[in-house]
Every structure is written in C-alpha cells, then in structure tokens.
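Right, one structure below, let's go through it.
Read-outs throughout are calculated quantities, based only on the coordinates presented, and are distinct from any laboratory measurement. Keep in mind the model is a prediction, meaning the values are calculated, not measured. Methodologically, a virtual Cβ is constructed for each residue, glycine included, from the backbone with ideal geometry; neighbour enumeration extends over all protein chains shown.
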Amino acid sequence: MPVKDVTVEMMSADAMSAQPRVNLLGLTRQQLESFFAGMGEKPFRATQVMKWIFQEGIDDFAAMTNLSKALRERLQEVAEIRLPEVMQDHPSADGTRKWLLKVDAHNHIEMVYIPETDRSTLCVSSQVGCTLACRFCSTARQGFNRNLTTAEIIGQVALAARIIGLPENKGERVITNVVLMGMGEPLLNLEHVAPALELMQDDLAFGISKRRVTVSTAGVVPGIDRLCELSDVSLAVSLHATDDALRDQLMPLNTKYPIKELMAACQRYVAGKPHRRVTFEYVMLAGVNDSLAQARQLARLLRTVPAKVNLIPFNPFPGAPYACSSPAVINAFREVIMQAGIMTVTRKTRGEDIAAACGQLAGQVTDRTRRSERFLLQDLPGGGSGASSGSRAAHTIKEHVTQ
C-alpha cells in the first residue's frame, strides 16, 4: 500500500542545485518519479535507478550505463546514494551477526542478522536510541537523540543484503524477513518508517511479502491506527504484563495508553483481515510476571484478539534489575496459554555471546534526554523503583514467525 502523506516536491534544476544532495536511497518509487520529473526526466528513470541501487548494488551514478552521460553528471551534482557506515562487525557462534553502524558524527545504531534454515531475518533500528524507558531493555539506558531517516532505515536493509548476498549470492534474496525491532519505537517515527516499509515490499527494491515485514511497538495506540492506514505489514506488540499496575512499572508508556486501549487498537488493526494475527511479545522475568495466575490472565486478555504469543527469555545486560525465569517456569507458563488455544512459542535466544539478543542492543547515542543519567540514579541504593517518567525502548531481535 503506498504511503499517502510523503511526497517529493518538483523543483527547477537551479533550485535543486541550491539544495543539499538528495539521498535517493530513501525515496519510494513514486517519490523517485517525482524527483526525476523535477529534473525534466521521464518517470521510467526511477525504475532504472532503483534497479541499479537495489538489484545491482551500484552507488556510483557514473556506472549506471543506461542513463545518458548528461543525466549521470547532473545526478552527481544534486543527488547521492549513501548507506550507513559499518564501524564494527560481530559474528556470533550461532551464525548471528551484529553490526555497529555510523549514522552521523556522534551517533551509532546496531543491526542484527539472524540466519535460519528456512528463512533469514534482519532486525533494523528506527531511532538513534529511544524516547521510551522499558526497565528490561538495554536500549532504554542509552537515551535518545533523533529519528532515523528513511534512507538510514532502508539503508540498513540494503547494506545487509550487500554484505551477505554479494558476490557469491548476487541476485538471490538473502533476506526473507525484516523486523523493525531494533533500537527505537517505530511508531514514533512513522514519517520515515512508512516509506521504508513501502520500499521493503517494492519488487524493484526487496520484494518482501507484507506478512514477512513486522513492525514492533511498545503500544503507541495512535501509531497503530496510523500504521493501519499506511500499510498492511505484520504487527507485534511488546506486552510483558497482564495488568496496568505492573505494566506501568515495566513500560511507563502504559500510563498513557493502558492495556484496554492497546487491545482495542490491536482489534482495529486486524479487523477485516482474515487469517491475520497480532504477535504479542512477553519477556519472562523471574518472580515478576511469570506466575501461572499471570499466564491464565494473559490467556483471558487475548481472547478478543487473533493472537500469537512469543515468550522471550530475559537476556541480561550490565546493571539489569531482573533475572530470567527458569526453563521449567517458562514451559509451565507456555502450557497454560497453549491450553487456552493460543499459539505460543518460546523464543530461542540468538546472538547472546555478542550482546545481540533480544533487549541487548545499545549502539552509541549522544543522549539529549539525560535518560542514561536517570537510569544510573535509579540503580543506586535508594535511587527509585524503576517506574521512571518517560517511556519505553523498543527491544530487539524478535524472531519473526510468518503468520
């Protein structure tokens, strides 16, 4: 479904010269057609350039040989194709890979690739840090600097495809699933996330099925409704508690959008979409949210929404205030939900040896919220209960299971 509210204004050649160079990586097909129209070119130029960028992996306009020499020279002046820069590449013993990517002079994000026998999942970030403050997430401690642009979001996918797919697998789709579950809350950056979702699904770019593209949210209710208008991708909700009192503590965003409102938004998202389900993520915290009574309460809560549950063993990080539930407790919790007829899986931890597992991504953030300082104070004796003001950080690497 095309993005409805993002366009590229047509402008004269002289006006374009006065502007900063446009990163064509972040333009949808329609936007790229408008860009070329502003240069006095035909719309088919967008198709040609998209094939060079996404199918051939070419960033140099001079190498785009089916464009006229004059057009190539003009593009060198007004446009660019710029991907995030790889600063570190961490391979895991289980095949997972994590990259630290530079997005500007002061900020870095993290991206993770998870290979499986029947699919491969790329976990990408949508913000530099996060404005929210989930107590169980390492990203929350980094604070927040800014939203990522569309080019920086889709650039992660393009970069991973090139690293993994070239040269030996050129022409093959080495990334079958993309999840926006890395650093940041995607629904607080829909202006740039929505065009990126469109590009992920465009056959001239990555051609990924809408069911294999997943947006994860901490429960930004207006964002869920807006996403429903803009796209039809899979939705994952970080739930992690079955009552407002506990969820307020774990995810302060819940004080603004409580569980009842969140569940109603989920119902609206899947309304009229047969066979679609919302994935609910539930991190298992020992002695906090893992009792059998809470499992039964979760099963009752999800009766009104077509749902699948992912139980996520908590992955520790330095200073984490929680411990993971035991395997026996997780299995008993899962059995209660399964007996209620709700598909439930226990997430297999991947990339833990490189701090690439769910909730462990941190990056390097020039924090302008001072949230990292507040977390430090909360961890000191008498520093607070953890129910800080502010909100949640999106946790990461939630293995996408096709719905």
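Note on Thr65 and Gln19: their simple-model spin labels are 3.1 nm apart, each label 7 Å out from Cα toward Cβ. Each DSSP beta bridge with both residues in the stretch 127-252 is either parallel or antiparallel, and the antiparallel ones are about 30%.
For the stretch 85-379, DSSP calls about 45 percent of its internal beta bridges antiparallel.
When the listed pairs Lys260/Lys348; Lys42/Lys69; Lys210/Lys260; Lys273/Lys308; Lys210/Lys273 are checked against a 19 Å cut-off, the alpha-carbon distance exceeds it for Lys260/Lys348; Lys210/Lys260.
If you filter the stretch 98-170 for GluC sites (Glu not before Pro), then keep DSSP loop positions with at most 15 other Cβ within 10 Å, what is left?
Glu116, Glu168
Can you compute the FRET efficiency between Ala293 and His90 using 1/(1 + (r/R0)^6), with r the Cβ-Cβ distance and R0 = 45 Å? Round to the nearest 0.05. The value I calculate is 0.65.
Packing-based ranking of 297-304, 138-145 yields 138-145, 297-304, ordered from highest to lowest mean Cβ neighbour count within 10 Å. Computed extension length for Asp225-Asp203: 5.3 nm, one decimal, from 0.36 nm per residue of separation with the Cα-Cα distance subtracted. Site pair Gln76 and Asp244 shows an inter-label distance of 6.2 nm when each label is modelled 7 Å from Cα along Cα→Cβ. Placing unit charges on the Cβ atoms of the charged side chains and taking the dipole of the stretch 153-235 about its Cα centre, the candidate lying farthest along the positive direction among Val174, Leu204, His192 is Val174.
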